[in-house]
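*Asks:* Can you read through this structure? Questions will come right after.
The values are calculated or read from the model by the stated rules, or taken from the named source; none is laboratory data. Predicted model, so just to flag it, every value in this text is computed and none were measured. Reconstructed Cβ throughout: ideal geometry from the backbone, glycine too, with neighbour counts over all protein chains shown. Accessible surface areas use protein heavy atoms only, side chains included; no ligands, DNA or RNA. Shrake-Rupley method; radii C 1.70, N 1.55, O 1.52, S 1.80 Å.
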Amino acid sequence: MSAPLHHRSIPWLIAGAFLLFGTGIFFPFFTVTKFWVFHDAVSVVGGIFTLFREGEYFLFAVLTLFTLVFPCVKLGLLAVIWLEREHDLVRVRRLHRWVEGWGRWSMLDVFVVAILIVTMKAAGLAQIQIGPGLYLFTCSVIATQFASGWVAGLLDRA
């Protein structure tokens, strides 16, 4: 009996999430057309480098951790879980529980950006256009969540 379609799709979903993530962090998350702090399009990577240059080390560290490091680690661990699912099931299940537990934080950075955009728009400080980076990054988070859920279902039946 062959595996359900969504189980066979897991490696493609993980690879797609990596691709969406990798492109999303370099594309503009939003473009500020009228604001005294920003003069152009703002990407995740560009914004993080700006925070570092401006000496905002705490925000730099938090955003680097939750926006760059954590998604990469989560996707990498999902790939490892997928590849090792038939070798050490106990370790793989434990690893997946850890990934799912931390997965609740996956959308933190998207929510922070959304709050920033709403705040600036509400205050009338800027006209903001959402950029493709935000959509790509959000799709990456969603694809990662689907992959994680499908892996959980696969591990539960094993």
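*Asks:* Mind listing whichever residues of region 59-94 are under 20 Å from the mean Cα position of the chain (by Cα), more than 15 Å from residue 18 (Cβ to Cβ) and not hydroxyl-bearing (Ser, Thr, Tyr)?
*Replies:* If the condition is that a residue be under 20 Å from the mean Cα position of the chain (by Cα), more than 15 Å from residue 18 (Cβ to Cβ) and not hydroxyl-bearing (Ser, Thr, Tyr), then 59, 60, 61, 62, 63, 65, 66 are the ones that fit.
*Asks:* Would you confirm whether or not region 110-131 contains a residue that is modelled with pLDDT of 85 or more and open to solvent by less than 40 Å² (accessible area, probe 1.4 Å)?
*Replies:* First pass over region 110-131, keeping only residues modelled with pLDDT of 85 or more: 131.
With open to solvent by less than 40 Å² (accessible area, probe 1.4 Å) added as a condition, the list becomes 131.
The answer is yes, given that some residue of region 110-131 is modelled with pLDDT of 85 or more and open to solvent by less than 40 Å² (accessible area, probe 1.4 Å).
*Asks:* Does any residue of region 18-27 turn out to be in a helix (DSSP H, G or I) and either of a type in the set (Lys, Arg) or more than 16 Å from residue 137 (Cα to Cα) (or both)?
*Replies:* In the first step, residues of region 18-27 are kept if they are in a helix (DSSP H, G or I); the result is 18-24.
From what is left, the residues that are either of a type in the set (Lys, Arg) or more than 16 Å from residue 137 (Cα to Cα) (or both) are none.
Scanning region 18-27 turns up no residue that is in a helix (DSSP H, G or I) and either of a type in the set (Lys, Arg) or more than 16 Å from residue 137 (Cα to Cα) (or both).
*Asks:* If you check residue 138 against the conditions, is it of a type in the set (S, T, N, Q), assigned to a helix (DSSP H, G or I) and at pLDDT below 85?
*Replies:* On the way: of a type in the set (S, T, N, Q): yes; assigned to a helix (DSSP H, G or I): yes; at pLDDT below 85: no.
For residue 138, the condition - of a type in the set (S, T, N, Q), assigned to a helix (DSSP H, G or I) and at pLDDT below 85 - is not met.
*Asks:* While we're on this one: Which of the residues that make up region 36-94 are surrounded by 14 or more Cβ atoms within 10 Å (Cβ to Cβ), assigned to a loop (DSSP other than H, G, I, E, B) and in contact with a strand residue (DSSP E or B) (Cβ under 9 Å, 6 or more places away or on another chain)?
*Replies:* Matches in region 36-94: 38 only.
*Asks:* Going by the conditions given, is residue 146 modelled with pLDDT of 85 or more, open to solvent by 40 Å² or more (accessible area, probe 1.4 Å) and in contact with a helix residue (DSSP H, G or I) (Cβ under 7 Å, 6 or more places away or on another chain)?
*Replies:* Working: modelled with pLDDT of 85 or more: yes; open to solvent by 40 Å² or more (accessible area, probe 1.4 Å): yes; in contact with a helix residue (DSSP H, G or I) (Cβ under 7 Å, 6 or more places away or on another chain): yes.
The answer is yes for residue 146.
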